[in-house]
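Here the structure is laid out as structure tokens; the discussion comes afterwards.
We did not get these values from a lab; they are worked out from the coordinates using the rules stated. Since the model is a prediction, treat every value here as computed from it, not as a measurement. With ideal geometry, Cβ positions are generated from the backbone for all residues, glycine too; neighbour counts draw on all protein chains shown.
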Amino acid sequence: MERAKFSKFGAIAVIAGSAVGLGNIWRFPYMVATNGGAAFILLYILFVVLICLPVMIAELTIGRKYKKDAYGAVVCTLNERKLPVVGKILGCLYVILPLLVISYYCVIGGSTIDYFMRSLGIHIPENTGTFIMWAIIFLAMCAAIVFTGVKKGIEKFSKLMMPVLFVIVVLIAVRSMTMPANPGTEYTSADGMAFLFKPDFSKITVKTCIAALGQAFFSLSLGCGVLVNYGSYINPEHSLTKTAAQIALSDLIFAIIAGCAVIPAVFALKADPMAILADNSDSKLVFNILPDVFPSMPMGSCINALFFFALILAAITSAISQFEVPVGFLNEEKGLSRRKSVIIIFLISAILNTLCAVRGNILNAIDGLCANWLMPLGGILATVLAAWVLSKKDFFDEISSNGSVKVSVKSVNALNFLIRYIAPAGILVVFLSQIIK
Ligand code: PHE
């Protein structure tokens, strides 16, 4: 069967749909908050450009070259060097990792449904049971969409909702940045802006570096096979580098605007913003602060509902990209029907979701393990495959889309150098500094 192909805009919408999600709106603001503000953002941008963009191109390259699910692409690439067993072992990373991410992503995704219902006036008191319930509802929605097939289901969905979410987040950011300070608070929203944009370099520590790298990987959906999988659907005539750059840029803009929507409001509304921002355990920052912002906006309750609705959709487009990877493995590698594959992955994820929903500390631990360690490791795997295992000629052919895209040999060589040396070395340096510490 011929593999479906994304249209040009479709590819960007689907990959950006995977990238933009809870990582930008839930995770980024609290990572910025707990890791020192502007200095973290600068490091984040540096890592996106020097490490993540090359990793992203590497993943798309091997995905499109072999037109296979992520595991299959790893095996095929290593087959070129007659290393099928190594391929099978390493390929497992791209099956297990997305499953691990789903295990907690859906729990936070479930919270977005809960907050959407609250915005409609339906408030079911929070307890472990309801936590599990929302997570499973969220997971079931993803499974249903994945079941309808890649192109039809996902592409349509993403195109529609991304612009809506963007406009809402911009509106909230404008409100948050102009929010009058609460009487009795010592700070104003301007202090929040300074926290976000005036770097204090003494705040850069090993912990900040690993957090910024992890956040960049998480936010761009890297290192877990998602982009290898999506790369396999990209039209062979379209430019991979352009697609990657557009996605990285939109993701970055989204994250920074989300930061502007959350942080200044904390300063304007809360008596002790510094304590709130420094609280490591507060991964619910966005859920706690935004419901206090909406009432001060014109048509606030409407915007509240619309925001959480759009956030559910953004989270779903990210979660389905994770879901697709192990489903693709069962479907393409193990020959199970798509339906059976979806059901099996649904059941495994439901068990993992329940575990994460029962214990918040398990959720945080798996999140840290995936984003800070396993995803960058998966990124190294992609760079090795694309720049060391794949021949230079094959690499050139993919980047130039077999002649459809005009690129100079020099620029492809420069890109190859970044993927071959700079990106993996950068990741290793951050890893080593953490280990030595
Ligand atoms: N990038 C997504 C987000 O920011 C999360 C994600 C991680 C998606 C890993 C796919 C794979 O919400």
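If you take the Cα centroid of segment 247-284 and the Cα centroid of segment 301-336, the two points sit 24 Å apart. Could you tell me which of L363, I204, A143 has its Cα farthest along the dipole of the chain towards the positive end, charges placed at Cβ (Lys, Arg +1; Asp, Glu -1), taken about the Cα centre? Of the listed residues, the answer is A143.
Beyond 29 Å in Cα-Cα separation lie the following of the pairs K156/K242; K65/K437; K65/K156; K8/K207; K65/K406; K8/K392: K65/K437; K8/K207.
Each of S404, I351, T178 was scored by the projection of its Cα onto the charge dipole of the chain, and the greatest displacement toward the positive side belongs to S404; charges sit on the C-beta of Lys, Arg, Asp and Glu.
For the chain, calculate the relative contact order in percent as a whole number, restricting contacts to Cα pairs under 8 Å that are 6 or more residues apart. Relative CO of the chain lands at 36 percent.
For the chain, modelled as a GNM whose springs connect Cα atoms under 10 angstrom apart, the maximal fluctuation among S111, S408, S232 occurs at S408. Quick check: the angle from helix 70-79's long axis to the longest principal axis of the chain, C-alpha only, nearest 10 degrees? Between helix and principal axis, roughly 30 degrees. Taken about its Cα centre, the chain carries a charge dipole of roughly 1280 debye when the Cβ of each Lys and Arg holds +1 and the Cβ of each Asp and Glu holds -1.
In terms of packing, defined here as the mean over residues of other Cβ atoms within 10 angstrom, the peptides 416-427, 91-102, 310-321 line up highest first as 310-321, 91-102, 416-427.
For K82, the aspartates and glutamates whose Cα falls under 19 Å of its own Cα, not counting residues fewer than eight places away in the same chain, are E333, D394.
Modelled spin-label separation between A140 and Y421, with each label point placed 7 Å from Cα along the Cα-to-Cβ direction: 5.5 nm. When +1 charges are put on Lys and Arg Cβ atoms and -1 charges on Asp and Glu Cβ atoms, the dipole computed for segment 328-437 relative to its Cα centre reaches about 40 debye. Between helix 240-269 and the chain there is an angle of about 10 degrees, using the helix long axis and the longest principal axis of the Cα atoms.
Each part gets one Cα centre, and for segment 157-201 versus segment 358-437 those centres are 32 Å apart. Between W388 and N182, the FRET efficiency estimated from the beta carbon spacing at R0 = 51 angstrom works out to 0.35.
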